[in-house]
Amino acid sequence: MLIFLIVDPPFGTNIKVSNWDITTNMDQLEASLAKSSSWIAAHWIDTDWSSFFSANDFAISSDGGATWKFVWYLPPSDTINCWIGDPSVAADPTNPNRFYAVGMIYCNPYTPTGEVYFCKNIGSRPDTVTDWTCSILPPNDSWMYFKDKPWIIALGGGNLLVAYTTDKYGNYEINIARSTDEGATWNTVRLSDVVSTVAYFWKDGSTVYLSQNNFNSWPTYIKIRVRKSTDNGATWTSLGDVVSFSPGSSTYCPNFNRPAKIHNNITAQGNNIAVAFIKPNGSYCNVGVAYSTDGGLTWNNRYVAQTSSDQVLPMITSSSPSTIYVMWQEKVGTFWTTKWAYSTNWGTTFSPPGRVSDHDYYFNESPAGHDYNGFIYDGGNLYAIWANDYYGDDAGAVYYARTISTSADESLSLEDRRTDIKIYRVDGSLVKGDFRNLPTGVYFIRSGNRIYKRILR
């Protein structure tokens, strides 16, 4: 038998972040993730309340995600006419103890309007509720207009950007709230040339990139526009539309009743830029990546793992000018699973998909909200968070997983009979039974908290 072990280790045991017995059908949705050298933070929608529809929860881990502490939640002040959603969290790259969070406070159920909230911890203990303060993100228009889908990035040195969509000026457009003093004051940058409903950021060195959907050719096409800024978001240069596709009759997917086709998520390394999006495959939603290796002058796009099933909410990250990682949720039969794949040639080809979730799960296909998950590369590992996961429960929960660092000079004999040994296939599924009689194939070997790699003959 010849066994080849590849570079990337599988994800570890999944940890339930919303770690209580959630009330039946009261889902946890739209989980975002941020990491510093000291903490990992999660921010998500929680509908498990009896006196109001939803709140946004914040939890934090000081041990790499092994355990999570519930810190605070933000409910609506008007529990009859208002509700909460669209949480996003960011870590300050220059202060490991500083985190920022934004989200939506919607009101007026029949003609929805919204304001963005902004929270930050003001001391050195993001795991303490009294360390946090929240306010309405300027401009506070007192719920005169619709605002939606805020996304925050902390650039360091007090510089913050929050992108959101609004109909304040007529058509939906992306506005960027920009602060240079950790949120003490703000000014607004309008991206008014594109009708757009969602945008994401990525920082590479001194350049900030933004991806946004472009509805200027709707309903014939949905496009994705990419921009960059070299002055911390004060001004933006358009790199044009990087992909264009026909959405068909709806922005929804056959098995996911949310506007999944409006999604986009961006990463960049040097002159290499990549955007994950929903690339229609017949009637199904599949994950696509548009990629450029010349600073955005030219673009190609491809499926990551084309299949006759729905794939939704692709999140993308990168570790070098060659390596991209993508995570998504996919329907497999009657269940769903969280998957990932990687490319070592910046999107030209991708690995076979592997598993992030160590289980299949039921999934609310008509959720009140579920438009993104969290996916981060940092220090040699990948960190993932996803929601709407009904594993072993009658409500959708939030789960977290991370890869485990490996050491090339470690090895493990298959004759070792220690009880903590586990063998995984390349897709991340656990091998059961007698591991001494494995068929030829690709496997990972884990003992305790370590992943061992060796070519075995």
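Side notes on the structure shown:
- Scanning region 331-350 for residues that are over 23 Å from SER211 (Cα atoms) and not in a loop (DSSP other than H, G, I, E, B) yields LYS331, VAL332, PHE335, TRP336, THR337, THR338.
- Enumeration of residues in region 208-252 that are outside any loop (DSSP other than H, G, I, E, B), surrounded by fewer than 17 Cβ atoms within 10 Å (Cβ to Cβ) and of a type in the set (Val, Ile, Thr): THR237
- For region 66-114, the tally of residues that are hydroxyl-bearing (Ser, Thr, Tyr), modelled with pLDDT of 95 or more and in contact with a strand residue (DSSP E or B) (Cβ under 9 Å, 6 or more places away or on another chain) stands at 7.
- Strands (runs of 3 or more DSSP E) fully within region 351-457 counting 2 or more residues that are within 30 Å of LYS261 (Cβ to Cβ) and modelled with pLDDT of 95 or more: 374-378, 381-389, 397-402
- Verdict on PRO321 being crowded, with 23+ Cβ neighbours inside 10 Å, touching a residue at least 40 places away in the same chain (Cβ under 8 Å) and either farther than 24 Å from ASN388 by Cβ or of a type outside the set (Val, Ile, Thr) (or both): no
- Scan of region 219-242 for residues that are among the small types (Gly, Ala, Ser) and in contact (Cβ under 8 Å) with a residue 60 or more places away in the chain, ordered by number: GLY233
- Test result for LYS279, in contact (Cβ under 8 Å) with a residue 40 or more places away in the chain and closer than 29 Å to SER249 by Cα: no
- Residues that are at positive phi, assigned to a strand (DSSP E or B) and not basic (Lys, Arg) within region 119-162 comprise just one, GLY156.
- Check on ASN56, buried (at least 21 other Cβ atoms within 10 Å of the Cβ), of a type in the set (S, T, N, Q), touching a residue at least 12 places away in the same chain (Cβ under 8 Å) and in contact with a strand residue (DSSP E or B) (Cβ under 7 Å, 6 or more places away or on another chain): yes
- Within region 177-203, the set of residues being among the aliphatic types (A, V, I, L, M) and in contact with a Ser or Thr (Cβ under 7 Å, 6 or more places away or on another chain) comprises ALA177, VAL198, ALA199.
- For region 240-263, the criterion of being touching a strand residue (DSSP E or B) at 6+ places or on another chain (Cβ under 7 Å), within 25 Å of GLY156 (Cβ to Cβ) and of a type in the set (Gly, Ala, Ser) is met by none of the residues.
- Picking from residues in region 324-353 that are surrounded by 20 or more Cβ atoms within 10 Å (Cβ to Cβ) and polar (S, T, N, Q), the one that is nearest to GLY379 (Cα to Cα) is SER343.
- Near pairs, Cβ below 6 angstrom, 6+ apart or cross-chain, from region 37-48 (closer than 14 Å to ASN97 by Cα) to any residue that is part of a strand (DSSP E or B) and not charged (D, E, K, R): TRP39/ILE60; ILE40/SER61; ALA41/ALA34; ALA41/ILE60; ALA41/VAL89; ALA41/PHE99
- Considering residues of region 89-117 that are touching a Lys or Arg at 6+ places or on another chain (Cβ under 9 Å) and farther than 20 Å from LYS168 by Cβ only, the residue surrounded by the most Cβ atoms within 10 Å (Cβ to Cβ): PHE99
The values are calculated or read from the model by the stated rules, or taken from the named source; none is laboratory data. Since this is a predicted model, take the numbers as computed values, not measurements. Neighbour counts run over all protein chains shown; Cβ positions are idealised from the backbone, glycine included.
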